[in-house]
1. What are the residues in region 287-323 that are more than 16 Å from K158 (Cβ to Cβ) and in a loop (DSSP other than H, G, I, E, B), if any?
2. Among T41, T80, T5, which is the only one that is at pLDDT below 95 and either touching an Asp or Glu at 6+ places or on another chain (Cβ under 9 Å) or closer than 17 Å to A315 by Cβ (or both)?
3. Please give the strands (runs of 3 or more DSSP E) falling wholly within region 1-85 in which 3 or more residues are without any contact (Cβ under 8 Å) to a residue 24 or more places away in the chain.
4. State the number of residues belonging to region 138-191 that are at positive phi and either touching a residue at least 12 places away in the same chain (Cβ under 8 Å) or assigned to a helix (DSSP H, G or I) (or both).
5. Quick one: is Y47 touching a Lys or Arg at 6+ places or on another chain (Cβ under 7 Å), assigned by TED's automatic domain parsing to the domain that holds P308, within 21 Å of R99 (Cβ to Cβ) and surrounded by 16 or more Cβ atoms within 10 Å (Cβ to Cβ)?
6. When you scan region 190-209, do you find a residue that is within 21 Å of I289 (Cα to Cα) and either assigned by TED's automatic domain parsing to the domain that holds E60 or not hydrophobic (A, V, I, L, M, F, W, C) (or both), even just one?
7. Hey, any hits in region 65-73 for a residue that's in the same structural domain as R270 (by TED's automatic domain parsing), crowded, with 22+ Cβ neighbours inside 10 Å and either of a type in the set (A, V, I, L, M) or at pLDDT below 95 (or both)?
8. If you scan region 207-240, which residues turn out to be out of contact with any Gly (no Cβ under 8 Å at 6 or more places or on another chain) and of a type in the set (A, V, I, L, M, F, W, C)?
Amino acid sequence: MLLDTPRGMDDLLPREMALKRRIEDVIREVFKLYGYLEVETPTVEYYELFALKSGEEIRERMFDFIDKGGRRVVLRPEVTASIARLVASKLKAMPPPLRLGYIADCYRYDEPQWGRRRRFWQGGFELIGSKDPLADAEILEVSYEVFSRIGLRDQYFKVGHVGIFREILKSYRVNEKIQDRILTLLDRKMIVEAFDLMRKNGVDEDGVKVIENLMKLEGTDLRKISIDASNILSPWKEAYRDLEDLCEIIDLAREGGVESKMVVSLGLARGLEYYTGFIFEQSVPDLRIALNGGGRYDNLIELFGGNPTPAVGCAIGITRIMQYILEKKAEETPTPSRPRILLTGVADVSKRYVMKVARILRGMGFGVEVEVLSRKLPSAIEYALKSGMKFMIIVGRREEAEEKISIRDLELRRQVELPLSDEEKIMEALTGVERV
């Protein structure tokens, strides 16, 4: 038992860490490209922060406990609520718009399966302070940019707008809490239960039929879906405006360079209760689970005591993308980074001189691995070759006495001896090794 990790929690081995770092590096590149400032929030937050509006599915799966001060806390199940808290408190004086990014580990007590781990990593983009469709379109753009740079070129989007359903339900005086519950049931594909809940809360058969017909509208032909939906939504002016909003967001994203397939789904719902408008999911064709998702949440910051503040964002599933690449695109997994130079001492050279040489080389920016198993030279050379190293630096008693080093090129099988003080010639001899 001591050798096992808790269920749903994973060790990351060097190859997996190299892939995770690569994905994180891409996300940070896109932060810089679009002007998102990276922030970090605590892994442990107060229970109420997520219980308030994160949704039934998350509330049921939170790792929550009582701390030593008697307060109920959780391991964060997602990060958007934490960002909303941050904006409502420490960042309330910053002028909008705020573009905030994060990379964070999250925890949910899910049943472990493909794409669902109890500890998982997300990379998020949050654009706060604007209701303009340009902001929603930008979230699609950054998502497209991240996936393209990672190499997931067969990506596609599924887009919708929960504001349409909310406006219809509001016209029947269905309160927000019941709306949240209905949308959660739709997200879980519990359609019959969702319709029954509508009826119990005053939605007549005509209203249920309208929502049922809207849910059938899905496809890539935006113009046709828009016309069909317009005919259905003519009695609901606000819902019709939400449809126009969705069409504009898609048009702007296309103009901004989003070239992937976009499936319009007016029946799309997501498990988080705080969504108020445009929503989306992003994935690849051979998966039945989203690798990224997000949308508009215009009321969350105000709910936490901040000023009324519109916002839109997404959370890219780093752990899910890692699992997909490791299983489906293993040849694209990066090799863990390690030094290309092995420093080995021979012929009773002093350990002090070995350490001195290593210090000087690292000071020049070269990654150096020191031989610490007292291997004989042939064995050390074999190890260096198997480890993908390009050079071997050999020091013995003579090199120590003359303050020199011998540099062996393992690929060209040639060796030069140079003064340890001659940095220029050492750098020339080590050409081809990237410096840190």
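The values are calculated or read from the model by the stated rules, or taken from the named source; none is laboratory data. All values derive from a computational prediction rather than experimental measurement. So basically every Cβ, Gly included, is an ideal-geometry build from the backbone, and we count neighbours across all protein chains shown.
1. Initially, region 287-323 is screened for residues more than 16 Å from K158 (Cβ to Cβ), giving 297-313, 318-319, 321-323.
Hits for region 287-323 are Y297, D298, N299, F304, G305, G306, N307, P308, T309, P310.
2. On the way: T41 fails: at pLDDT below 95; T80 fails: at pLDDT below 95.
Checking each option against the conditions leaves just T5.
3. Output list reads 63-66.
4. Within region 138-191, the first condition is being at positive phi, and the residues that meet it are 151, 173, 189.
Checking which are either touching a residue at least 12 places away in the same chain (Cβ under 8 Å) or assigned to a helix (DSSP H, G or I) (or both) leaves us with 151, 173.
Counting residues in region 138-191 that are at positive phi and either touching a residue at least 12 places away in the same chain (Cβ under 8 Å) or assigned to a helix (DSSP H, G or I) (or both) gives 2.
5. Values: touching a Lys or Arg at 6+ places or on another chain (Cβ under 7 Å): yes; assigned by TED's automatic domain parsing to the domain that holds P308: yes; within 21 Å of R99 (Cβ to Cβ): no; surrounded by 16 or more Cβ atoms within 10 Å (Cβ to Cβ): yes.
Against the criterion (touching a Lys or Arg at 6+ places or on another chain (Cβ under 7 Å), assigned by TED's automatic domain parsing to the domain that holds P308, within 21 Å of R99 (Cβ to Cβ) and surrounded by 16 or more Cβ atoms within 10 Å (Cβ to Cβ)), Y47 does not qualify.
6. If we filter region 190-209 for residues that are within 21 Å of I289 (Cα to Cα), which is where we start, we get 190-191.
Filter once more, so that each one left must be either assigned by TED's automatic domain parsing to the domain that holds E60 or not hydrophobic (A, V, I, L, M, F, W, C) (or both): 190-191.
So far as region 190-209 goes, yes, one or more of its residues are within 21 Å of I289 (Cα to Cα) and either assigned by TED's automatic domain parsing to the domain that holds E60 or not hydrophobic (A, V, I, L, M, F, W, C) (or both).
7. Taking region 65-73 as the starting set, the residues that turn out to be in the same structural domain as R270 (by TED's automatic domain parsing) are 65-73.
Next, only the ones that are crowded, with 22+ Cβ neighbours inside 10 Å stay: none.
No, region 65-73 has no match at all.
8. V208, V210, I211, L222, I227, A229, I232, L233, W236
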